[in-house]
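**Q** Take this structure, written in structure tokens, and hold onto it; I'll ask about it next.
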Amino acid sequence: MPNWCINIIQIFGEKENIKTIADIINNIDDNSDIGIFASLIGSKPINMTDEEYDKIGWYDVNIKYFGTKWDVSVEYCSIDSSDDYIYLNMDTAWSPPINFCIELAKKYSVKVIIDYEESGCDFAGQTIIQSDGSYEDKCYSYLEGLYNGVGCGDFEQELFNYIEWNMDDDNFDINEYIERVIPFATDKEKEKFKDLYLEMSE
């Protein structure tokens, strides 16, 4: 069973390009074996033969071409769209589908922003991809990513959850804990969280 990476993918572009993508997604059969990634960019690079695909194997091709182990069924994806915007919220196995987003941006001449997080593997980030496939990626540890406004969660809520999980431990030291889990925060913010802990523990 994989760890599930949470992804929010935003697609921006000209109306005709957005409509093309939306039409493809909307026409995917819920019971189809072909998911969103393969429907939009194919199951393998266009210059890869079936023989090469069979030799390399689906797993390695998916990791390299999509950026993650499996395609995503339309049934398990939250979708919203307008004339110039598409929003996709999906979980992927282990890692975010950044490579899929790069191929999508190039194929349909759209801008793609993907925010992603996986707390179990301790990462959160954001990749902004231009229509030519060039991109900027920011990836951090999980809490630092949320602190920096990337990923999909709320930093303060997650930190409070972390503290609550540990505060019943007789050996729990809030000062040591704060310094260890959020060394990137300002001193003022650290003091704020320490004070909130003291209020919670009263």
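The values are calculated or read from the model by the stated rules, or taken from the named source; none is laboratory data. Note that the coordinates shown come from a computational prediction; the quantities given were computed from them, not determined experimentally. Please note: Cβ atoms are built from the backbone with ideal geometry, for glycine as well, and neighbour counts cover all protein chains shown.
Residues are listed down the side, and each one gets a yes or a no for (1) over 26 Å from GLY151 (Cβ atoms); (2) of a type in the set (Gly, Ala, Ser):
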| position | (1), (2) |
| --- | --- |
| GLY35 | no, yes |
| ASP83 | yes, no |
| THR92 | no, no |
| SER95 | no, yes |
| ILE113 | no, no |
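**Q** Are any residues in region 103-154 in contact with a helix residue (DSSP H, G or I) (Cβ under 8 Å, 6 or more places away or on another chain), assigned to a loop (DSSP other than H, G, I, E, B) and either of a type in the set (D, E, K, R) or modelled with pLDDT of 95 or more (or both), and if so, which ones?
**A** SER109, VAL110, ASP122, GLN130, SER131, ASP132, GLY133, ASP154
**Q** Which numbered condition trips up ASN27, out of (1) among the polar types (S, T, N, Q); (2) farther than 22 Å from ILE114 by Cβ; (3) modelled with pLDDT of 95 or more?
**A** Just one mismatch for ASN27, condition (3).
**Q** ALA38: small (Gly, Ala, Ser), touching a strand residue (DSSP E or B) at 6+ places or on another chain (Cβ under 9 Å) and part of a helix (DSSP H, G or I), yes or no?
**A** no
**Q** Right, something else. Name the single residue, out of those in region 42-66 being closer than 22 Å to SER109 by Cβ and buried (at least 17 other Cβ atoms within 10 Å of the Cβ), that is nearest to the chain's Cα centre (by Cα).
**A** Going through the qualifying residues, I end up with PHE66.
**Q** Please verify whether region 33-54 includes one or more residues that are of a type in the set (S, T, N, Q), in the same structural domain as ALA124 (by TED's automatic domain parsing) and more than 25 Å from ASP132 (Cβ to Cβ).
**A** Checking region 33-54: at least one residue is of a type in the set (S, T, N, Q), in the same structural domain as ALA124 (by TED's automatic domain parsing) and more than 25 Å from ASP132 (Cβ to Cβ).
**Q** Any residue in region 92-112 that is of a type in the set (Phe, Trp, Tyr), surrounded by fewer than 17 Cβ atoms within 10 Å (Cβ to Cβ), under 29 Å from ASN26 (Cβ atoms) and in contact (Cβ under 8 Å) with a residue 24 or more places away in the chain?
**A** yes
**Q** Oh, and also: Identify all residues within region 67-91 that are over 20 Å from GLN126 (Cβ atoms) and surrounded by 18 or more Cβ atoms within 10 Å (Cβ to Cβ); write none if there are none.
**A** ASP71, VAL74
**Q** Looking at region 36-52, which of its residues are over 21 Å from SER73 (Cβ atoms) and among the aromatic types (Phe, Trp, Tyr)?
**A** none
**Q** Select from region 41-66 the residues that are part of a loop (DSSP other than H, G, I, E, B) and farther than 20 Å from TRP4 by Cβ and list them in ascending order.
**A** GLY42, SER43, LYS44, PRO45, ILE46, ASN47, MET48, THR49, GLY57
**Q** Restricting attention to region 1-19, which residues are assigned to a helix (DSSP H, G or I) and buried (at least 17 other Cβ atoms within 10 Å of the Cβ)?
**A** Those that are assigned to a helix (DSSP H, G or I) and buried (at least 17 other Cβ atoms within 10 Å of the Cβ): ASN17, ILE18.
**Q** Which condition does VAL150 not pass, out of (1) aliphatic (A, V, I, L, M); (2) touching a strand residue (DSSP E or B) at 6+ places or on another chain (Cβ under 8 Å); (3) over 19 Å from ILE6 (Cβ atoms), if it passes all the others?
**A** (3)
**Q** Out of region 67-88, which residues are hydrophobic (A, V, I, L, M, F, W, C), within 16 Å of the chain's Cα centre (by Cα) and either over 19 Å from GLU117 (Cα atoms) or part of a loop (DSSP other than H, G, I, E, B) (or both)?
**A** Correct list: TRP70, VAL72, ILE86.
**Q** Considering only residues that are in a loop (DSSP other than H, G, I, E, B) and either out of contact with any Ser or Thr (no Cβ under 7 Å at 6 or more places or on another chain) or modelled with pLDDT of 90 or more (or both), which ones fall in region 155-184?
**A** ASP168, ASP169, ASP170, ASN171, PHE172, ASP173, ILE182, PRO183, PHE184
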